[in-house]
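Below: one structure, written as structure tokens.
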Amino acid sequence: MTADHLRVALGGVPDPDWLDEALRQVAADPATITRFFPAVGRRCGREALPDAPGWTADEAARALLLTALPTDHAGYADALYRRGDAAEKRAVLKALPLLPIGAAGVPLLHDAIRTNDTRLVAAALGPYARHLDAAAWRQAVLKCVFTGVPLAVVADLDSRADGELAVMLAGLADERHAAGRDMPADATDLLDRLTAGSGRPTAREA
């Protein structure tokens, strides 16, 4: 997803003139983003965007405001996340891959993953999660399994999943089976893929 793609997808927002003006003002005076950011839901709506799957209008508009900043993207992203409500936090997390900030946004991912808000956890595991180190990423995947977040939201899952994650998932599967509880189907499928050919019984066989 790119900023240009989001801009096109937002073509039908209720108040496009307001968004255009907000983007112009943020580009000229970055501090104005703190005024526009909370108002986005009211002015642009919160509907899902058919042309940007997984995004809502308010998330996309807030992401565009962040990309319109001429400088200090990381500082504003951090401030807006820390002060924002849940919807604003999700928008910041989803905007991180679009911003020229390197790994500076990783503390926001850690914060989101620690919460019990499954929508924040899901937003934190998008493309920007490539900046998480392997240990933190594996723990985040387990958090998804624990809290029922579909593993389909985890970017780069198949390329990053490794033997250590398989061991962690297998341990969790054993605990759940001992308690008479099932693993989510997507976690079972992932564990089966990771253990295929290893000589260890797959989750389904166990």
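The values are calculated or read from the model by the stated rules, or taken from the named source; none is laboratory data. Keep in mind it's a predicted model, so treat the numbers as computed, not measured. Virtual Cβ from ideal backbone geometry, glycine too; neighbours counted across all protein chains shown. Areas reflect the complete protein model, heavy atoms only, side chains present, ligands, DNA and RNA absent. Shrake-Rupley method; radii C 1.70, N 1.55, O 1.52, S 1.80 Å.
Of note:
- Applying both filters, DSSP loop and at most 12 other Cβ atoms within 10 Å, to the trypsin sites (Lys or Arg not before Pro) of the range 106-206 gives 181, 204.
- From the coordinates of this entry, Cα extents along the principal axes in Å is computed, and it appears in (1) 54, 34, 30; (2) 61, 30, 27; (3) 44, 42, 30 under the label (2).
- Overall form of the range 93-206 per C-alpha gyration tensor (a/c, 1.5; a/b vs b/c): prolate
- Approximating the spin labels as points 7 Å out from Cα along Cα→Cβ, the residue 174-to-residue 159 distance works out to 3.2 nm.
- Dipole in debye (nearest 20) - the range 1-124, about Cα centre, beta carbon charges: Lys, Arg +1; Asp, Glu -1: 320 debye
- Relative to its Kirkwood radius, the Cα radius of gyration of the range 1-79 gives an Rg/Rh of 0.94.
- At R0 = 25 Å, FRET efficiency that the Cβ-Cβ distance of residue 17 and residue 72 yields, to 0.05: 0.40
- Model label points for residue 35 and residue 130, set 7 angstrom from Cα along the Cα-to-Cβ axis, are 3.7 nm apart.
- Whole-angstrom gap from the range 36-56 to the range 74-91, using each part's C-alpha centre: 15 Å
- Point-charge dipole on Cβ atoms (K/R +1, D/E -1) for the range 71-148, about Cα centre, debye to 20: 220 debye
- Considering only 134, 69, 159, the residue lying farthest towards the positive end of the dipole of the range 46-191 is 69, judged by Cα position with unit charges set on Cβ.
- With every protein chain in place, the range 56-119: carbon and sulfur % of accessible area (1.4 Å): 50 percent
- What the Cβ-Cβ distance of residue 110 and residue 46 gives, at R0 = 22 Å and to the nearest 0.05, is a FRET efficiency of 0.25.
- Cβ-Cβ FRET estimate between residue 189 and residue 83, R0 fixed at 30 Å, reported to 0.05: 0.15
- Considering only 137, 18, 55, the mean-square fluctuation computed in a Gaussian network model of the chain, springs between alpha carbons under 10 angstrom, is largest for 18.
- Per-residue surface analysis assigns residue 168 an accessible area of about 50 Å², computed on protein heavy atoms at 1.4 Å probe radius.
- Contact order normalised by residue count of the range 1-144, Cα under 8 Å, 6+ apart, percent: 20 percent
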